[in-house]
Structures are given as structure tokens and as C-alpha cells.
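What follows is one structure encoded as C-alpha cells, with my remarks underneath.
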Amino acid sequence: MERTAEHTSTAVDDYLKSIFHLTRGSVRAGTRDIADALRISQASVTAMLKKLAAMEPPMVDYRKREGVVLTKHGEKRALSVIRHHRLLETFLYQTLGYSWDEVHDEACRLEHVISDRFEEGLVKLLGNPTHDPHGDPIPDHKLRLGRTATEALSALHPGDRVVVERVDDKDAELLRYLAGKSVLPGRRILVLSRSNFDGNLSLQVSGCRGKVVLGPEIAERIFVRLDR
């Protein structure tokens, strides 16, 4: 079946957004990394990267065996889609009553189709939010992206006091689990102990009775800042 222009545009947006996330820190993304992120074949990725590099203006700088990075035009488009996505997540969460584990997939479906006017309406309705429900920064109207927390909870030690800044939003089941433990952006955490056997962390979380125990695989998907 022939792809429509809308479907093609959606695919381009998905590639650019994926490359943006994979190349933070100025590294090039490989075709396997992109294929894993988008759950498609490496052959399909290679074909699309060639198309993106041949666009006018080019969206990516693609070099065989060296990987790919976004051009300035590609980065601008990626940030525009990310802005739409995170504004939509915030709207769904704050206004329509979606839970934080439901908003990601819904926003993925809508991010490609909203107009600039609709975006402006969201910003005004929501009071120009700076972060989405998972704690990720929302690019501003000039597509500048604020600082993103990078220190994982898994790196902490007993006695450390931190505030949750953001949580990986890709796993809805994980988000539901963490909500039940009150591990949400803005919550304060005191690390009580760390198991030498399995790396599990025992935590005191504000708003949660009793201690919370999280394994290292979960803790490395929660990002924090020092509680000063």
C-alpha cells in the first residue's frame, strides 16, 4: 500500500525524535541503536537515513559505518515534535484526567497533527508549563531545551537526600508501580540502606508510609537532584 504524505511525515518525525534522544552528548547514533529504539529492521533504518540526508534542507548528517547526527534543521524539527508531545502529555494529565502512565502513547498519536495555533492554545491554557508529568523539560517557544537531570537513583548511597526530577516514561507498568510507591517528580527521598548482595535500595519517600525498596534496574530509570 502506498504511504500517504501524512504517514511519511509521521515517520520522519519519529526518526528525528529518536535520533535526537540517542545523540545527546554529541555522539553519533548507529543504525542498530535506531532500529532497536523504533523496533524496525536495520535495512529500513539505513534507507530512511539516506532519504533524510537527501532532503532539502538535509535533516541528518549520515555517514556509513560512522552513524548519524541531526543537522540544525533536523534538530529544530525534532524539538518542535518533542515540544508538542510534552505539552500534550501535560494537557492530558492536568486537564483531561489521564494518569501519568497513559499520556505517553496518547501524545505520540497526537504530536504530529496539532497546529501552531493549537500549540499556542495549550500553552495559554496550561500556564506555559516548563516540565511534563514525568519531569522532562518542555522546549520553550524558541525550541530551547532546559537542563535534564542525569544522575540516576541507582548511583546513590545511604544517607543521601535527593528530590526526584524525572522518571523514564516509556514503561507504563513501571509508572503505575512507582505511583503506588509515591515515587513521583518533586518527592523527596532519603536513602536508608543499600544491599551489598543485590544492590537493592531501601528508601524513605515523602508521602509514603514505611520504607520503599527498589531494585537497581528500576532505580537507574529514576533521575534525581540533591536535596539542598
| field | Distance between modelled label sites at His141 and Arg209, nm, 7 Å Cα→Cβ extension | value | 4.7 nm
| field | Kirkwood-based Rg to Rh ratio, segment 186-228, C-alpha trace | value | 0.95
| said: Tell me the carbon and sulfur percent of the accessible area for segment 1-126, rounded to whole percent, probe radius 1.4 Å. | reply: 50 percent
| field | Degrees between helix 42-54 axis and first principal axis of the chain (Cα, 0 to 90, nearest 10) | value | 60 degrees
| field | Asn128 paired with Val113, simple spin-label distance in nm, labels 7 Å along Cα-to-beta-carbon | value | 3.0 nm
| remark: For the Asp105, Glu220 Cβ pair and Förster radius 30 Å, calculated FRET efficiency rounded to 0.05 is 0.85
| message | With every protein chain kept in place and ligands, DNA and RNA left out, what is the accessible area per residue of segment 173-228? Probe 1.4 Å, answer in Å². | response | 61 Å²
| request: Based on the mean of other Cβ atoms within 10 Å per residue, sort peptides 82-88, 161-167 so the most packed one is first. | output: 82-88, 161-167
| query | Can you give the helix-only mean residue ellipticity at 222 nm for the chain, where every DSSP H stretch with n ≥ 4 adds -39500 (n - 2.57) and the sum goes over all residues, rounded to the nearest 500 deg cm²/dmol? | reply | -12500 deg cm²/dmol
| Mean separation of Cα contacts under 8 Å (6+ apart) over length of segment 15-160, as relative contact order % | 19 percent
| remark: If R0 = 35 Å, then Glu120 and Glu56, at their Cβ-Cβ distance, give a FRET efficiency to the nearest 0.05 of 0.80
| field | Rounded accessible area per residue of segment 1-159, 1.4 Å, Å² | value | 58 Å²
| field | Diffusion coefficient, µm² s⁻¹, Stokes-Einstein with Kirkwood Rh over alpha-carbon pairs of segment 71-228 at 20 °C and 1.002 mPa s | value | 129 µm²/s
| Lys pairs, segment 58-205 - Cα-Cα below 24 angstrom, 8 or more residues apart or on other chains | 8
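The values are calculated or read from the model by the stated rules, or taken from the named source; none is laboratory data. Small disclaimer: the values here were computed from a predicted structure and weren't measured. Positions of Cβ are backbone-derived with ideal geometry, glycine not excepted, and every protein chain shown enters the neighbour counts. Side chains included, ligands, DNA and RNA excluded: accessible areas come from the protein's heavy atoms. Shrake-Rupley method; radii C 1.70, N 1.55, O 1.52, S 1.80 Å.
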